[in-house]
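This report refers to the structure that appears directly beneath it.
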Amino acid sequence: RLYSIALFCTIIFFCCEAFFNFPLFSFPSAPVFFAVCGLLARESTAKTDVIRVKPFPGAILAASLLLLPLIFIVAHKPGGFASNFYLNYALKTSDKSLREVFFNKTLLLEPDNYYSLSYYASYLASVGKYDMAVKHYMDSLNFFPASSETFYNIASIHLAADAYTDAVSFFEKALLYNPRFSAAHFGLYKALDLQEKKQGAVIVEIRAGAGG
């Protein structure tokens, strides 16, 4: 009975992770099974040396009722459900090669998921693949066009690449959807300042060339 309860809790945990499209914790879900087993066994053995197994039809009925919606979700959109599992492991693993594989499987199963595209774009930016990161961020905007965070992330990539005009444009779009976005305000100020300095340097260079 103890292991049945622990296994049921673990299944619910896995399903919740997949359904809500993000990992609930930073460690893999499997250890939860063993943790729950250990806690239940400790509590039971603390009260008696013998653990009696009794039928619990009420618990089985409750578990069945809880699992019915999950079964319906999986049957309705199995690709999306599996995609979220791959996304889950892509975000948790520390192996970069495996992370790339999991992200690719995620997008293969569900290419129109905003969160999958955004997470993958963020990963690509972290490993220096800026052009691909911008592409996936732009693709994600097709499914959530009012995402100020996405516009901010694109602007930050352009700012790092010294593309100040593009950076200013995307920072302004981020502020259009979230006027209180303080990081976007700072980014816009920085981009405008660097753009002005660059334009000033170009003018000085042109004048120096004309004078020569």
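Does the range 89-107 hold any residues that are in a loop (DSSP other than H, G, I, E, B) and surrounded by 12 or more Cβ atoms within 10 Å (Cβ to Cβ), and which are they? It would help to see each step written out before you state the result.
Going through the range 89-107, the residues in a loop (DSSP other than H, G, I, E, B) turn out to be 93-95.
Once the filter is applied, which keeps residues that are in a loop (DSSP other than H, G, I, E, B) and surrounded by 12 or more Cβ atoms within 10 Å (Cβ to Cβ), the range 89-107 yields only 93.
So which residues in the range 171-202 are within 15 Å of residue 148 (Cβ to Cβ), among the charged types (D, E, K, R) and open to solvent by 90 Å² or more (accessible area, probe 1.4 Å), if there are any at all? Talk me through it step by step, then tell me what you get.
Here is the first cut: in the range 171-202, the ones within 15 Å of residue 148 (Cβ to Cβ) are 171-188.
So of that shortlist, the ones also among the charged types (D, E, K, R) come out as 172-173, 180.
Passing the criteria: 172, 180.
The values are calculated or read from the model by the stated rules, or taken from the named source; none is laboratory data. Remember, it's a predicted structure, so these values are computed and weren't measured experimentally. Cβ sites come from the backbone with ideal geometry, for glycine too, and all protein chains shown count toward neighbours. Calculation scope for accessible area: heavy atoms of the full protein, side chains included, ligands and nucleic acids excluded. Shrake-Rupley method; radii C 1.70, N 1.55, O 1.52, S 1.80 Å.
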